[in-house]
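Scroll down for the structure; my scribbles are underneath it.
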Amino acid sequence: MRSPLKSRLGLAGVLAFVLALFGLAPAASADPAPAALTFTTNAATVTPGGTVNLSMTLTNNKTYDIWFVYQSIAPTWLTTQRADLKYSFTGCGVATPTGAASCSGVGPSDLGGNYGATIAPGQSRTVTLTLQVAADSGCNGNIGFYSYYYAEFSDSSSTSAGPVYTPETRVLCA
């Protein structure tokens, strides 16, 4: 005599396989990255002699504080291929919970110290760099950057990510 238990288990297994095969099985939810870095600019175009504000927002998606951030920023390969494009970072400001503050260590490669003190769970910190395009810069080229970052949390965990790309700014001549 056949066991009805074996038949039921076999039928349930086949049904589960078919549902999984056609994507009807429940899907696992994806957790957000422990920290996320986003970029925005206040203008898509600029003329020689003008400025563009490049804002970087770091969001803490964990349930622990971010204690330390290291971030690098560098021009994209296409930006470096245009020797006639002349620009530099001339200013930096950070939006803190108590108001705006100056950045420390403004430079084109190491921006980690600019995020300031602890970033609490669910909170963000925005750093805005002022990009000055030289008056004698070439035209009809795009200026863009990419960034890598590393963050340490108060639970002794860490995360790193990148490259994260900025929106490109087009240099136009009037």
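The values are calculated or read from the model by the stated rules, or taken from the named source; none is laboratory data. Small disclaimer: the values here were computed from a predicted structure and weren't measured. Ideal geometry is used to build each Cβ from the backbone, glycine not excepted, and the neighbour counts take in all protein chains shown. The accessibility values were calculated without ligands, DNA or RNA, using every heavy atom of the protein model including side chains. Shrake-Rupley method; radii C 1.70, N 1.55, O 1.52, S 1.80 Å.
Which condition breaks for G93 when tested against (1) exposed (fewer than 14 other Cβ atoms within 10 Å of the Cβ); (2) under 13 Å from T128 (Cα atoms)?
Every listed condition holds for G93 apart from (1).
Tell me the strands (runs of 3 or more DSSP E) entirely within region 124-174 that contain at least 3 residues that are within 18 Å of the chain's Cα centre (by Cα) and within 15 Å of N53 (Cβ to Cβ). If you could, list the steps in order and put the result at the bottom.
Values: elements: 124-133, 141-143, 145-153, 158-165, 169-171.
Of the strands (runs of 3 or more DSSP E) lying wholly inside region 124-174, those with at least 3 residues that are within 18 Å of the chain's Cα centre (by Cα) and within 15 Å of N53 (Cβ to Cβ) span 124-133.
Could you tell me whether L54 is modelled with pLDDT of 85 or more, surrounded by 13 or more Cβ atoms within 10 Å (Cβ to Cβ) and closer than 13 Å to T128 by Cβ? Give the steps one after another, and end with the answer.
On the way: modelled with pLDDT of 85 or more: yes; surrounded by 13 or more Cβ atoms within 10 Å (Cβ to Cβ): yes; closer than 13 Å to T128 by Cβ: yes.
Here the answer is yes, as L54 does meet what is asked.
Being out of contact with any strand residue (DSSP E or B) (no Cβ under 8 Å at 6 or more places or on another chain) and under 8 Å from P121 (Cα atoms) is the filter here, so list the residues in region 61-77 that pass it.
First, the residues of region 61-77 that are out of contact with any strand residue (DSSP E or B) (no Cβ under 8 Å at 6 or more places or on another chain): 63, 77.
Of everything in region 61-77, just one residue is out of contact with any strand residue (DSSP E or B) (no Cβ under 8 Å at 6 or more places or on another chain) and under 8 Å from P121 (Cα atoms), namely T63.
Say we look at region 118-167 and pick out the residues that are without any contact (Cβ under 8 Å) to a residue 60 or more places away in the chain and open to solvent by 70 Å² or more (accessible area, probe 1.4 Å); which of these is nearest to W67 (Cα to Cα)?
Filtering first and then ranking leaves S156.
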